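Worksheet for the structure shown next.
The values are calculated or read from the model by the stated rules, or taken from the named source; none is laboratory data. Every value quoted in this text rests on a predicted model; they were computed, and no experiment measured them. Methodologically, a virtual Cβ is constructed for each residue, glycine included, from the backbone with ideal geometry; neighbour enumeration extends over all protein chains shown. In case anyone asks, the SASA skips ligands and DNA or RNA and just uses the protein heavy atoms, side chains included. Shrake-Rupley method; radii C 1.70, N 1.55, O 1.52, S 1.80 Å.
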Amino acid sequence: MLRALLVASTVLIASACGTSGSAQVEAPGSDRSLVHPDELCDEALESDDTVLVTAAHVVTDGRLGALCFGEPDDTLVEAWDELVAITPPGQLSDLAVVVGFVADEDDDSQTLAFVNALDSEGLAFQMSINLPAFDADRDEASLTLAHEFTHVFTQTPDQLDRSVADPAACETHFNGDGCYRPGSLMAAWIEEFWSDEELATVDVDADPYPEDGDDRCDVDDSFFGSYAATNPEEDFAEAFSAFVYRVAPLTAGQRTKLDWLAGQAGLAEFRSQALDAGLGPLENTFEVCGS
């Protein structure tokens, strides 16, 4: 099962709908009276051939707001509450919509979650969660939440310049959507762990699948599995999820990446929050690379 798949537009915004009066007890990270200032979630979310959207909430100032589509779902709220538990205050403000979905039975990937930018500048993001898959394996679900949130905080305007359309004009790394800014987290990660030769073999326009990283995984024990070896973003995301939930490294290379993450003040806070919330440690179930 894939922990994550970064998708540009799997869920489409369609027709209008009203808010729903949920009777659920609100957690500290929730306020059902909140609506998005841009009325973003006054529109229903349309399902495609592989995804059936069952619920959607607005997110305003980092708080889960009104249900704007579908029916109240405890699993979606529980997922949000865990994301709140591991995330430092103020970090969730880049999310604008949280969606629960059910994957088509014929969807072999069984993607647990994905995120996508809702605008051309990366000012607002949507996180979509596969609710049955989340319920089926809560440890995997926890890792996925941390993994997916990296695709938000590493692609905000201060991190990724989406105005750059030409890879040749990017002095760091062009990821298909834009150019990582000098000094950004991903630029630093890439400089530390990815060579120019490795980057040249990454197809930035293709959705990543584990088999795409098999060759890199075979020779480098720093990756947390073949999926991590597909590109720098998934490498960072898998290592970060292991870091947050205190997954014990199985190789020297994995330990090196976890140590690097521990040295980043803003990232170490995620791990401290998870620890304070009593979340983790989780077992290392990642595929071992370099063997």
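Tallying residues that are more than 17 Å from H147 (Cβ to Cβ) and either under 18 Å from the mean Cα position of the chain (by Cα) or not in a loop (DSSP other than H, G, I, E, B) (or both) within region 243-259 yields 5.
Condition check ((1) charged (D, E, K, R); (2) exposed (fewer than 15 other Cβ atoms within 10 Å of the Cβ); (3) modelled with pLDDT of 95 or more) across all residues:
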| position | (1), (2), (3) |
| --- | --- |
| A96 | no, no, no |
| E105 | yes, yes, no |
| D108 | yes, yes, no |
| L118 | no, no, no |
| N130 | no, no, yes |
| E140 | yes, no, yes |
| H147 | no, no, yes |
| V152 | no, no, yes |
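Only residues that are open to solvent by less than 40 Å² (accessible area, probe 1.4 Å) and either among the basic types (K, R) or within 20 Å of the chain's Cα centre (by Cα) (or both): list them for region 280-290, please. Within region 280-290, G280, L282, N284, F286 meet the criteria. In the set (1) crowded, with 24+ Cβ neighbours inside 10 Å; (2) part of a helix (DSSP H, G or I), the condition left unmet by F134 is number (1). Across region 225-242, the number of residues qualifying as touching a residue at least 40 places away in the same chain (Cβ under 8 Å), open to solvent by less than 10 Å² (accessible area, probe 1.4 Å) and part of a helix (DSSP H, G or I) comes to 11. Looking only at residues in region 165-213 that are polar (S, T, N, Q) and closer than 14 Å to F236 by Cα, the one that is surrounded by the fewest Cβ atoms within 10 Å (Cβ to Cβ) is S184. Taking the condition of being touching a helix residue (DSSP H, G or I) at 6+ places or on another chain (Cβ under 7 Å) and assigned to a loop (DSSP other than H, G, I, E, B), how many residues in region 171-184 meet it? So the answer is 4. You will find that of D135, D203, D196, the residue that is in contact (Cβ under 8 Å) with a residue 12 or more places away in the chain and of a type outside the set (G, A, S) is D135 and no other. So, A168, is that one touching a residue at least 60 places away in the same chain (Cβ under 8 Å), part of a helix (DSSP H, G or I) and either hydrophobic (A, V, I, L, M, F, W, C) or closer than 21 Å to V244 by Cα (or both) or not? Answer is no for this residue. Counting only residues that are in a helix (DSSP H, G or I) and free of Cβ contacts under 8 Å to residues at least 12 places away in the same chain, which one in region 269-279 is surrounded by the most Cβ atoms within 10 Å (Cβ to Cβ)? In this case the residue turns out to be S272.
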